[in-house]
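These notes are about the structure you will find just below.
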Amino acid sequence: MAEEMTKKRMLSGIKPSGDLTLGSYLGAVKNWAELAEDYECFYFMADLHAITVRQNPADLRRRTLEQLAQYIACGLDPEKNTLFIQSHVRQHAELGWVLNCYAMFGELSRMTQFKDKSAKNADNINGGLFTYPSLMAADILLYQPDLVPVGDDQKQHVELCHTIARRFNGIYGDVFKLPEPFVPKVGARIMSLTNPTAKMSKSENEDTGRVLLMDSPDTIMRQFKRAITDSDTENCVHFDRENKPGVSNLMTIYAACTGKSFDEIQAEFAGKGYGVFKPAVGEAVVETLRPIREEATRLMKDKAYLESVYRDGAEKAGFVAEKTLRKVYKKVGFVPR
Ligand code: TYM
């Protein structure tokens, strides 16, 4: 218990807006599991965030549970980590509203993700999509974490969270701990296998070069065999993100799955060419994902267990979140209930 009290805190989440990809695994969950021993951890399925883009309700429900099963299968032990569904902890929506009033229009307008998503969903540029970062700030600040592990694309949101927290603290005193993003050195930005200048995204279909955590070994091998390599004449496995984005992306994936350095990978495939390299990356991914897929499939059959995990998680998370929310309500001048 004494150890628990002194442990630093960490928090992160993923939107169940699509099936988890190799990108979200290497950029996020894999690192969460590695940091889990040293931190008191809170991880959630960001279903409130998911509905900023239209969702099929049955798919959203299935994916939320599947995501929980995948978190556990990736090594997040529910005994040691607090795993919960965002919408079960009402404090997220409540603090999200308050923080909306401390996030500036200009700041929200500058968010890269808002610009990208508005371009992709021109017929549904809703208020939630715009104020998404205030809700994300609430997700984070409720738990007063020391560290927020995210992939590269979410760094801007964590930085805005920092700005909002500083602004709020500037008015009301030290209410929020200022969070730091933690972006992994390898794997922070996994690109599409067929378009290595675009991020591998969970909302894309198979043809856009994404690999899912639950894909079969055959599907994974097919995806890697048809991965785009670069049109240089070298046919040489060498890291150069600028001029060889396809090969560099495959090297990043291989490095993240095997723990090898880029120099070691270059030496391993010296003189062998892309034809040998691509299936080798595929095999490394198959072996990395195999135990996760098998364990997640097993857990998905045990709905009662999953329910006990998310109920427990919501209770623990709600307890911590309520403490912060009460403090905020008092500071802004709400009459206590
Ligand atoms: P989301 O659901 O888009 O992605 C979840 C996590 O996976 C990382 N990621 C990637 N990393 C490397 N390469 C990729 N291709 C790749 N794709 C995704 C993301 O950076 C992220 O860390 N807004 C967040 C969810 C969220 C959240 C939070 C995160 C809501 N509240 C509070 C942290 C703290 C999101 O949409 O992530």
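Using +1 on the beta carbon of Lys and Arg, -1 on that of Asp and Glu, and nothing else charged, what's the dipole of the chain about the Cα centre, debye to 20?
With Lys and Arg at +1 and Asp and Glu at -1, about 1100 debye.
Of 7/244; 225/260; 7/327; 7/185, which sit over 31 Å apart, Cα to Cα?
7/244
Could you compute Rg(Cα) / (2.2 N^0.38 Å) for the chain, with N its residue count?
1.03
How tilted is helix 245-258 with respect to the longest principal axis of the chain? Cα atoms for both, answer in degrees (0 to 90, nearest 10).
The helix 245-258 is inclined about 70 degrees to the chain.
From the square roots a ≥ b ≥ c of the eigenvalues of the alpha-carbon gyration tensor of segment 247-287, which class results: rounded (a/c under 1.5), prolate (a/b over b/c), or oblate?
Judged from the Cα gyration tensor, segment 247-287 comes out oblate (a/c at least 1.5, b/c at or above a/b).
Express the accessible area of the chain per residue in Å², computed with a 1.4 Å probe while the remaining protein chains stay in the model.
Per residue, the chain has an accessible area of 47 Å².
Would you please put 250-257, 82-89, 239-246, 100-107 in order of how densely packed they are, using the mean number of other Cβ atoms within 10 angstrom per residue and starting with the highest?
Highest mean packing first, the order is 250-257, 82-89, 239-246, 100-107.
Taking amide H positions as placed in the peptide plane 1.01 Å from N, state which residues far from residue 84 in sequence (5 or more) or on other chains have amide H under 5 Å from it.
43, 44, 45
Expressed in nm², what is the orientationally averaged projection area of the convex hull enclosing the Cα positions of segment 31-119?
Answer in nm², one decimal: 7.6.
Quick check: at a probe of 1.4 Å, how many percent of the accessible area of segment 108-152 sits on carbon and sulfur atoms?
55
Using only Cα atoms, tell me the angle between helix 155-172 and the longest principal axis of the chain; keep it within 0 to 90° and round to the nearest 10.
Helix 155-172 and the main axis of the chain meet at about 20 degrees.
May I ask you to derive the relative contact order of the chain, considering only C-alpha pairs under 8 Å and at least 6 residues apart, and to give it as an integer percent?
Once divided by the residue count of the chain, the mean separation gives 22 percent.
Of all accessible surface on segment 180-285 at a 1.4 Å probe, what whole percent is carbon and sulfur?
Its accessible area is 48 percent carbon and sulfur atoms.
Would you mind putting 173-183, 111-121, 64-74, 327-337 in packing order, based on average other-beta-carbon counts within 10 Å, highest first?
Result, highest mean Cβ count within 10 Å first: 64-74, 173-183, 111-121, 327-337.
Given a 10 angstrom Cα cut-off, can you work out which residue in 212, 76, 35 is the most mobile in a GNM of the chain?
35
So for the pair residue 226, residue 207, with labels modelled 7 Å out along Cα→Cβ, what separation do we get in nm?
Once both label points are built, they end up 1.0 nm from each other.
Based on the mean of other beta carbon atoms within 10 Å per residue, what is the order of 189-195, 313-319, 124-130, most packed first?
Answer by packing, highest mean first, reads 189-195, 313-319, 124-130.
So what's the gap between the Cα centers of segment 51-130 and segment 261-279, to the nearest angstrom?
So the two Cα centres are separated by 38 Å.
The values are calculated or read from the model by the stated rules, or taken from the named source; none is laboratory data. Here the structure is a predicted model, which is why all the values come from computation and not from measurement. Neighbour counts run over all protein chains shown; Cβ positions are idealised from the backbone, glycine included. Remember, those area values only see protein heavy atoms, side chains included, never the ligands or the DNA or RNA. Shrake-Rupley method; radii C 1.70, N 1.55, O 1.52, S 1.80 Å.
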